[in-house]
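Visitor: Before anything else, here's the structure in question.
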Amino acid sequence: MSQDQPISNNNPKAFIPQPYRVSDGFGGLDLGPRDMMRDKENPNMLVPPPTDNGLLPNLKMSFSDTHMQLNKGGWSREITVRDLPIATTLAGVNMSLRPGGVRELHWHQQAEWAFMIWGCARITAVDWHGRNFIADVGQGDLWYFPAGLPHSIQALEGGCEFLLVFDDGSFSDLNTLSISDWFAHTPKDVLAANFGIPVESFNGIPQEQVYIYQDQVPGSIESEKIQSPFGTIPLSFKHSLMAQEPIVSPGGTVRIADSSNFPIARTIAAALVEIKPGAMRELHWHPNNDEWQYYLSGQARMTVFGGNGVARTFDYRAGDVGYVPFAMGHYVQNTGKDTVWFLEMFKAPRFEDISLNQWMALTPHQLVQSNLNASPELMKSLRKVKWPVVNY
Ligand code: CO
Ligand code: CO
């Protein structure tokens, strides 16, 4: 093969993707070193639409490209500002626990928001008044622990996998305040004085942070409940997102969880979006903060528009994280055969979204028409005044 050969991206049988755009003949063959699997996964990055332009930083990171932390009882991996430097507002951790596996008793300086991807776990916490909390969470459930409150997660029968999101991009789950770590780094005579027991009673404690460990699957939640003299926490740390009635659009659904329906979640707002094959999450932006995305299934592309002629397109698939800086315009289009499910999250008390269509529909039409030299068809399409979160 040489650069003189005719280029075609249209033979699906022997499909070798090339950095060549059929529509305008720009580009050429890539005959040098390449990662063919990656090129096939990222068709809109290998051959960007001609509308892409300018300098936008990287807005994509895959959990598959991160360090995997393996422990007895489970694993974890994280995407923080160290992996995706633009993502300063939120950091994410993907964790799986085997049946009975425990993310040990710990706390941190950031609030923790979570989505259960599959399986079941038991979560516990205690607040500043000594009010306690225990709940079992299943697929599609959320939890939220305010910053500084101690908590734990233990997988039930069958194990589980979940996404944790923290309201600080520089967070690391490997750098939290853990009970085992504190014990290991406190003089034993101080531990003895604190609990009023002999120093030898602490001979068996872990020498360092345990992080994740294997335990037995716990008994029923009733058998584990402890009656606090101070009562239980007033606002639940758990929210059943999938039990929520979705907002239904022609191209999919959306379920929003923020402080309006999950009152404890004061610093993180989220939407779970479903985009059917052939559909897209419409052109929009968010007037309150950056968007941190986690793709649960399917394949999608997103172009982020940053003003002054700047736009960049990325491909995403299950396990990827996407990011949109504050107020920048974007859409998410399903480019695969399967349904796309993704989470969009904001370091904000409320979910806020401005729809391009809605903005245009609610602005004097003569103004919109003259500004864009808009065709009669475009003006007619604006009569659908609603909140179409996902469109065909
Ligand atoms: Co935590
Ligand atoms: Co968005």
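The values are calculated or read from the model by the stated rules, or taken from the named source; none is laboratory data. Quick caveat: nothing in here was measured; it's all calculated off a predicted structure. Glycine also receives a Cβ, built like all others from the backbone with ideal geometry; neighbour counts cover every protein chain displayed.
Visitor: Cβ-Cβ under 7 Å, sequence separation 6+ or interchain: first residue in region 192-212 and touching a residue at least 60 places away in the same chain (Cβ under 8 Å), partner assigned to a loop (DSSP other than H, G, I, E, B). Which pairs?
Guide: As it stands, the answer is 212/73; 212/101, since those pairs meet every condition given.
Visitor: Of everything in region 141-179, what is surrounded by fewer than 19 Cβ atoms within 10 Å (Cβ to Cβ), over 14 Å from residue 117 (Cα atoms) and more than 14 Å from ligand 1 (Cβ to nearest atom)? Give them in sequence order.
Guide: Hits for region 141-179 are 157, 170.
Visitor: Another one. How about region 100-192: which strands (runs of 3 or more DSSP E) wholly inside it have at least 1 residues that are modelled with pLDDT of 95 or more, within 16 Å of ligand 2 (Cβ to nearest atom) and of a type outside the set (Lys, Arg)?
Guide: 151-166
Visitor: Determine, yes or no, whether residue 368 is surrounded by 12 or more Cβ atoms within 10 Å (Cβ to Cβ), at pLDDT 95 or above and assigned to a helix (DSSP H, G or I).
Guide: Against the criterion (surrounded by 12 or more Cβ atoms within 10 Å (Cβ to Cβ), at pLDDT 95 or above and assigned to a helix (DSSP H, G or I)), residue 368 qualifies.
Visitor: While we're here: Yes or no: region 170-191 includes at least one residue that is aromatic (Phe, Trp, Tyr) and more than 30 Å from residue 341 (Cα to Cα).
Guide: Yes; the residues of region 170-191 include at least one that is aromatic (Phe, Trp, Tyr) and more than 30 Å from residue 341 (Cα to Cα).
Visitor: Shifting gears a bit: Just the residues that are under 12 Å from the mean Cα position of the chain (by Cα), closer than 19 Å to residue 69 by Cβ and crowded, with 21+ Cβ neighbours inside 10 Å, please, taken from region 113-135. If you could, list the steps in order and put the result at the bottom.
Guide: Of region 113-135, the ones under 12 Å from the mean Cα position of the chain (by Cα) are 113-117.
Now narrow it down to the ones that are closer than 19 Å to residue 69 by Cβ: 114, 117.
Once the filter is applied, which keeps residues that are under 12 Å from the mean Cα position of the chain (by Cα), closer than 19 Å to residue 69 by Cβ and crowded, with 21+ Cβ neighbours inside 10 Å, region 113-135 yields only 114.
Visitor: For region 199-215, enumerate the residues that are loosely packed, with under 10 Cβ neighbours inside 10 Å and touching a helix residue (DSSP H, G or I) at 6+ places or on another chain (Cβ under 9 Å). Write out each step before concluding.
Guide: Taking region 199-215 as the starting set, the residues that turn out to be loosely packed, with under 10 Cβ neighbours inside 10 Å are 200, 203-204, 207.
Within region 199-215, 200, 203, 207 meet the criteria.
Visitor: Mind checking which pairs have a first residue in region 331-360 that is farther than 15 Å from residue 167 by Cβ and within 13 Å of ligand 2 (Cβ to nearest atom) and a second that is outside any strand (DSSP E or B) and of a type in the set (Phe, Trp, Tyr), Cβ under 8 Å, 6 or more apart or different chains?
Guide: Filtered contacts from region 331-360: 355/387.
Visitor: Could you check residue 66 against (1) under 19 Å from residue 170 (Cβ atoms); (2) within 16 Å of ligand 1 (Cβ to nearest atom) and say which number it fails?
Guide: For residue 66, the failing item is (2).
Visitor: Additional query: When you go through 176, 186 one by one, which is the residue that is β-branched (Val, Ile, Thr), under 15 Å from residue 71 (Cβ atoms) and outside the structural domain of residue 272 (by TED's automatic domain parsing)?
Guide: On the way: 186 fails: under 15 Å from residue 71 (Cβ atoms).
Exactly one of 176, 186 is β-branched (Val, Ile, Thr), under 15 Å from residue 71 (Cβ atoms) and outside the structural domain of residue 272 (by TED's automatic domain parsing), namely 176.
Visitor: To continue, here is another question. With the condition kept exactly as written, say whether any residue in region 79-99 is within 15 Å of ligand 1 (Cβ to nearest atom), under 20 Å from residue 140 (Cβ atoms), without any contact (Cβ under 8 Å) to a residue 60 or more places away in the chain and of a type in the set (Gly, Ala, Ser).
Guide: no
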